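Some notes on the structure that comes next.
Just so it is clear, none of the values below were taken in a lab; they were calculated from the coordinates. It should be emphasised that the depicted structure is a prediction, and the values quoted were computed from it without experimental measurement. Neighbour counts run over all protein chains shown; Cβ positions are idealised from the backbone, glycine included.
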Amino acid sequence: MPDRLMLLDTASLYFRAFHGLPDTLRRSDGTPVNAVRGLLDMIARLVADFRPNHLVACWDDDWRPQWRVNLIPSYKAHRVAQARPNEPDLEIVPAQLEQQLPMIRTVLGAAGIAVVGAPGFEADDVAGTYASHAEMPVDVVTGDRDLFQLCDDERQVRVLYTARGMKNLEVMTELSVVEKYRVLPRQYADFATLRGDASDGLPGVAGIGEKTAASLLLRYGTVERLLEAAAAPASPVAAPVRARLAAAAGYLKAAPAVVRLARDVPLPGLEDAGAALKPLPADRLRELERLAGEWNLGGSAGRLIAALSRLEQ
């Protein structure tokens, strides 16, 4: 079987699992397990359907890095639950999901699935770094459009986009990004900067939507070159667009660096991270089966075990 790396935007998946399954699924002490069950089923399905032999669950060690907030203070600000004075901002996560995050990490560890994060960086940056340096085809699984900037047909990097559900995954390639948005993946960060993204607290440039953003990038290539053209009196940039860009000058100077994925985060290599997928050895199999019984994981753990066992067939 040829090598293939799968990178999970783990938070995107466990949020989807949490909201997709009833919170009546609980272990004996009353702790909900719907996100744990749902995530394991998602991974089992992805492994069975796409047959990666390397897999990394990319983790948010820092969901709202300070360096991004310093550039754009509104970055993810709407997702913040204000903490007490002198304490860091806390992400709004339902308490019933928060309880399950340590369980998720424990179960993934028992299943032999690498979980990798990095201080000061988001899971997106972990995925961006591994995808940019991988020497094999890569599938990135996410519900976040920002990761479309990784699509690269020559290097066989694609995004499995979950917005329509796991049964209706949209396989995004470099070609499909161009067809859908009329920009190249490498222009996607500038496109999102101009258009804005409410889910990340990015206001965009008032009066510039997707079509205008795409047409400007088609002509000028990057936000930087667009701003240079807008500053030149003889350029063909329309007066209303010049005015809108001028009004957003500070935002446009900072935002592209916020939206662009970091691609050189210090991370362990795939081998050191334990990313190679293998059928479970007896001790891990017993541990996972024990957790499945004690935590009422139903058939979810079994389906993951079965998917892993078929990888060598």
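If you plug the beta carbon distance of residue 168 and residue 26 into 1/(1 + (r/R0)^6) with R0 = 30 Å, you get a FRET efficiency near 0.55. DSSP bridge analysis restricted to the stretch 111-199 gives an antiparallel fraction near 45%, rounded to the nearest 5.
Counting other Cβ atoms within 10 Å, keep those with at most 11, restrict to DSSP loop, and tell me which GluC sites (Glu not before Pro) in the stretch 40-148 are left.
Values: sites: 91, 98, 122, 135; in loops: 122, 135.
Here the sparse-neighbourhood loop sites are 135.
Restricting attention to the stretch 115-185, which trypsin sites (Lys or Arg not before Pro) occupy a DSSP loop and are surrounded by at most 14 other Cβ atoms within 10 Å? In loop regions of the stretch 115-185 (DSSP not H, G, I, E or B), the sparsely surrounded trypsin sites (Lys or Arg not before Pro) are 164.
Applying D = kT/(6 pi eta Rh) to the stretch 185-259, where Rh is the Kirkwood radius over alpha-carbon pairs, T corresponds to 25 °C and eta to 0.890 mPa s, the Stokes-Einstein value obtained is 202 µm²/s. Sorting 190-198, 291-299 by average packing, meaning the other beta carbons within 10 Å per residue, from highest down gives 190-198, 291-299. Structural descriptor for the chain: relative contact order 25 percent, calculated from alpha carbon pairs under 8 angstrom and at least 6 residues apart.
Short to long, the 5 Å bins of the Cα pair-distance histogram for the stretch 65-222 hold 2, 8, 12, 17, 20, 18, 12, 7, 3, 1, 0 percent of all pairs. Here the gap between residue 239 and residue 79, fully extended at 0.36 nm per residue and compared with their Cα-Cα distance, gives a gain of 54.0 nm. Per residue, the average separation of C-alpha pairs within less than 8 Å and at least 6 apart gives the stretch 256-313 a relative contact order of 40 percent. Summarising the amide proton neighbourhood of residue 6: residues at separation of 5 or more, or on other chains, whose placed amide H is nearer than 5 Å comprise 54, 55, 56, 139. Applied to the stretch 146-162, the Karplus parametrisation 6.51 cos²θ - 1.76 cosθ + 1.60 on θ = phi - 60° returns per-residue 3J(HN,Hα) values of 4, 6, 4, 5, 7, 4, 8, 5, 5, 8, 6, 9, 9, 10, 9, 8, 9 Hz, with x for Gly and Pro.
Packing-wise, with mean Cβ within 10 Å as the measure, how do 58-66, 43-51 rank, highest first? Before the final figure, lay out the partial values.
Numbers: 58-66: 19.8, 43-51: 18.2.
Those peptides, ordered most packed to least, come out 58-66, 43-51.
The order of 260, 310, 26, going from fewest to most other C-beta atoms within 10 Å of their C-beta, is 310, 26, 260. Here the ratio of the Cα radius of gyration of the chain to 2.2 N^0.38 Å is 1.08. Under 5 Å between amide hydrogens, built in the peptide plane, is the criterion, and for residue 201 it picks out 76 among residues at least 5 positions away or on other chains. The Rg/Rh ratio for the stretch 1-133, using Cα coordinates for both the radius of gyration and the Kirkwood hydrodynamic radius, is 1.00.
Bridging of residue 167 to lysines at a Cα separation below 26 Å is possible for 180, 278, once same-chain residues fewer than 8 apart are set aside.
If I take every Cα pair under 8 Å that is 6 or more residues apart in the stretch 12-171, average their sequence separation and divide by the length, what percent do I get for the relative contact order?
On the way: 198 pairs, mean separation 33.2, N = 160.
Relative contact order comes out at 21 percent.
With θ taken as phi - 60° and the Karplus curve 6.51 cos²θ - 1.76 cosθ + 1.60 applied, the whole-hertz 3J(HN,Hα) list for the stretch 120-131 is x, 9, 8, 4, 4, 6, 4, 4, x, 5, 5, 5 Hz, x standing for glycine and proline.
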